[in-house]
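The values are calculated or read from the model by the stated rules, or taken from the named source; none is laboratory data. This is a predicted model, so every value here is computed, not measured. With ideal geometry, Cβ positions are generated from the backbone for all residues, glycine too; neighbour counts draw on all protein chains shown. Accessible surface is based on the protein model in full, side chains and every heavy atom, while ligands, DNA and RNA are left aside. Shrake-Rupley method; radii C 1.70, N 1.55, O 1.52, S 1.80 Å.
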Amino acid sequence: MTVALSFLFMPLDVALDIGTSSSRLATSQRGILFDEPTMVAIDTNSGSVVEVGHGALDMVARTPRHVVVFRPLAQGATVDFDVTARLIAGLFERAGISKLSRARVVMSVPSLATSIERRALRQAAIQAGAREVSLIEAPIAAAIGLGLPVQDPVGSAVALLGAGASEAAVISLGGIVTGSARRQGGNDLDVAIATLLRLKLGVVVAPAVLEQLKITLASATGESRGHSEVVLARTVDRGEIVEVDVDADLVNSAVHDVVVTTVRMIQECLGDAPPDLSQDVSARGLTLVGGHARLSDLAGLVATSTGVDVRVADEPDVVVIKGLQLCLEEMSSLYALFRNADR
Ligand SMILES: Nc1ncnc2c1ncn2[C@@H]1O[C@H](COP(=O)(O)OP(=O)(O)OP(=O)(O)O)[C@@H](O)[C@H]1O
Ligand SMILES: [Mg+2]
């Protein structure tokens, strides 16, 4: 009985990565429990949350007037505090974490987040029921998730390319030595493709189709030239549904500017590193993480533009949450040391 009760009141440790397009939750014992779109459907009559994640995404443009689907983050930052808190509460509920467990939460935060954005994120988790919130800079969480020796006096280089934010960092002795970041990411490619489709072909397509065009046709180096794909679209002038043949050249010219900015950001970060750390990076290479790192030929382009070996992490979109989960495991073992001494 005592054992059962003590288990019930054991502090619960939770890792959270609230991203612009996807949110992830993990616990040290049960691994990743939630990895779904950062979306919340709210009943505006009662104020209650109807769905979070995939359920909310499925409701977009299909809801009655009193249900509204929100995306509470843009460019890596919380733009709606209350909805973010409800999203986190929804994640806790889906993971079976009750408010009573008063979870200790470790959360990633983009390195370019302002102190107000950091406070908003922390408060949102507390409003959702967390007891204690620790924030970790996302590139450090990513490096831990990759198993890089972040605490050692050697330079580890990562570029974290998400949907709304991109950041590159050279890490040594547990901190970011040089870093550069942009409030720009994979979603900006979708927006750029949508703009060109409207201007050149006079059509509008669904968000899922934009992403599909990006995944199948876009290449950071224009390698996909000659390929094309037929998709369903709506004409701007008459509103008719038509089939259009989109060629890779159009998609590649749309994504070009964002790709160039991403490469410059990485060059800037590596160029600022002190000589010893630069040597480490040259010897050990740079790893790309985040969903946008999957863009075809991006790793090759970064490698030729920086002169450094570049690889894309396996499952690049879950590296940060895995890193946060490792932090929890370390934390739990350290807390166990405190408990042992606290007799
Ligand atoms: N194969 C692919 N090719 C190109 N882009 C891709 C591919 N797969 C996913 N993406 C893009 O990756 C992005 C999602 O990445 P991720 O899940 O890391 O973002 P996030 O964590 O939600 O955002 P952020 O960390 O910037 O707030 C989306 O823009 C998505 O379109
Ligand atoms: Mg992210």
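Is it the case that some residue within the range 213-236 is within 20 Å of the chain's Cα centre (by Cα) and assigned to a helix (DSSP H, G or I)? Within the range 213-236, one or more residues are within 20 Å of the chain's Cα centre (by Cα) and assigned to a helix (DSSP H, G or I).
The set of residues in the range 19-39 being free of Cβ contacts under 8 Å to residues at least 60 places away in the same chain and within 17 Å of the chain's Cα centre (by Cα) consists of Glu36, Pro37, Thr38, Met39. Could you say whether any residue in the range 267-278 is in contact (Cβ under 8 Å) with a residue 40 or more places away in the chain, among the hydrophobic types (A, V, I, L, M, F, W, C) and more than 23 Å from Ala181 (Cβ to Cβ)? No.
Quick check, is Val242 in a strand (DSSP E or B) and farther than 30 Å from Asp276 by Cβ? Walk me through it before giving the result.
Values: in a strand (DSSP E or B): yes; farther than 30 Å from Asp276 by Cβ: yes.
Judged against the criteria, Val242 is a match.
When the criteria are applied in full, Ile193 meets the requirement of being out of contact with any strand residue (DSSP E or B) (no Cβ under 8 Å at 6 or more places or on another chain), buried (at least 17 other Cβ atoms within 10 Å of the Cβ) and farther than 30 Å from Leu100 by Cα.
Answer yes or no: is there a residue in the range 105-113 that is more than 16 Å from ligand 2 (Cβ to nearest atom) and open to solvent by 60 Å² or more (accessible area, probe 1.4 Å). Can you show your working first?
Within the range 105-113, the first condition is being more than 16 Å from ligand 2 (Cβ to nearest atom), and the residues that meet it are 105.
Checking the rest, the ones that are also open to solvent by 60 Å² or more (accessible area, probe 1.4 Å) come to none.
No, the range 105-113 contains no residue that is more than 16 Å from ligand 2 (Cβ to nearest atom) and open to solvent by 60 Å² or more (accessible area, probe 1.4 Å).
Only one of the numbered conditions (1) modelled with pLDDT under 95; (2) surrounded by 19 or more Cβ atoms within 10 Å (Cβ to Cβ) is not met by Met10, and that is (2).
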